[in-house]
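Step one of this worksheet: look at the structure below.
The values are calculated or read from the model by the stated rules, or taken from the named source; none is laboratory data. These numbers come from a predicted model, not from an experiment. All Cβ positions, glycine included, derive from the backbone under ideal geometry; neighbour counts span all protein chains shown.
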């Protein structure tokens, strides 16, 4: 990615600033008219920060995280919503298939104070049980231990409620039928070199994804996936 390409793609923001991090890697900072902001590293297009107009950080980043690459088109709306769009085109002469997930790590008050709604009665694959298939029974998903699941054929809107912070994350998605929910909990956190031992308490991963059924593109076809994140405060 180059600077001009990023800037031209992100015109929904009132202000676009190009800076560099301490390692000399270019970053783009988007600021809406109301003061919300997003920071995107040009190394792989990684979204590093999403802040409200009250300077409240909404994304979780481990203090021990390592760099990785991916490519996204990122837009910050006037209202401060964060939109990520991925486009994949088959420029080969043969069909190809792929799976995809938008890894979204929400910053939360405490994992015990959070619930997820919109997954009720759905089937899911449990990665902690050799991807065995189960059906969600509860009215809302709450957390008391490690979770690593793929919920299948979900609705296009999922809500994450943080009781202590009195805020709700809304996840709206297109082209992404599945939802990944992940929290490593205490034991696994301690075994991860790029994750703090207690950081599982302050994060929850809820991904829009296409996993169970791979997406297949014929030559010349293009797939678009879209994920919009917004936050509403109730107090």
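Take the residues in segment 15-44 that are exposed (fewer than 14 other Cβ atoms within 10 Å of the Cβ) and farther than 28 Å from residue 109 by Cα; name whichever of them is modelled with the lowest pLDDT. Checking each candidate, the answer is 23.
Return yes or no: is residue 156 surrounded by 14 or more Cβ atoms within 10 Å (Cβ to Cβ) and in contact (Cβ under 8 Å) with a residue 24 or more places away in the chain? It is false that residue 156 is surrounded by 14 or more Cβ atoms within 10 Å (Cβ to Cβ) and in contact (Cβ under 8 Å) with a residue 24 or more places away in the chain.
In segment 137-148, is there at least one residue being farther than 15 Å from residue 112 by Cα and at pLDDT 95 or above?
The answer is yes, given that some residue of segment 137-148 is farther than 15 Å from residue 112 by Cα and at pLDDT 95 or above.
Going residue by residue through segment 203-217, is there one that turns out to be in a loop (DSSP other than H, G, I, E, B) and either loosely packed, with under 14 Cβ neighbours inside 10 Å or touching a residue at least 60 places away in the same chain (Cβ under 8 Å) (or both)? No, because not a single residue in segment 203-217 is in a loop (DSSP other than H, G, I, E, B) and either loosely packed, with under 14 Cβ neighbours inside 10 Å or touching a residue at least 60 places away in the same chain (Cβ under 8 Å) (or both). Scanning segment 45-59 for residues that are surrounded by 14 or more Cβ atoms within 10 Å (Cβ to Cβ) and in contact with a strand residue (DSSP E or B) (Cβ under 8 Å, 6 or more places away or on another chain) yields 45, 46, 47, 48, 49, 50, 51, 52, 58, 59.
When segment 60-84 is filtered for residues that are modelled with pLDDT of 80 or more and surrounded by fewer than 17 Cβ atoms within 10 Å (Cβ to Cβ), nothing remains. When residue 133 is tested against (1) under 24 Å from residue 56 (Cβ atoms); (2) loosely packed, with under 14 Cβ neighbours inside 10 Å, only condition (1) is not met. The residue that is nearest to the chain's Cα centre (by Cα), among those in segment 80-109 that are closer than 22 Å to residue 206 by Cα and assigned to a loop (DSSP other than H, G, I, E, B), is 104. When segment 160-174 is filtered for residues that are closer than 22 Å to residue 98 by Cβ and either surrounded by 18 or more Cβ atoms within 10 Å (Cβ to Cβ) or not assigned by TED's automatic domain parsing to the domain that holds residue 113 (or both), the ones remaining, listed by number, are 171, 173.
Let's see how each residue does on (1) touching a helix residue (DSSP H, G or I) at 6+ places or on another chain (Cβ under 6 Å); (2) exposed (fewer than 12 other Cβ atoms within 10 Å of the Cβ); (3) closer than 25 Å to residue 61 by Cβ:
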{"residue": "89", "(1), (2), (3)": "no, no, no"}
{"residue": "97", "(1), (2), (3)": "no, yes, no"}
{"residue": "103", "(1), (2), (3)": "no, no, yes"}
{"residue": "107", "(1), (2), (3)": "no, no, yes"}
{"residue": "116", "(1), (2), (3)": "no, no, yes"}
{"residue": "120", "(1), (2), (3)": "no, no, no"}
{"residue": "123", "(1), (2), (3)": "no, no, no"}
{"residue": "127", "(1), (2), (3)": "no, no, yes"}
{"residue": "143", "(1), (2), (3)": "yes, no, yes"}
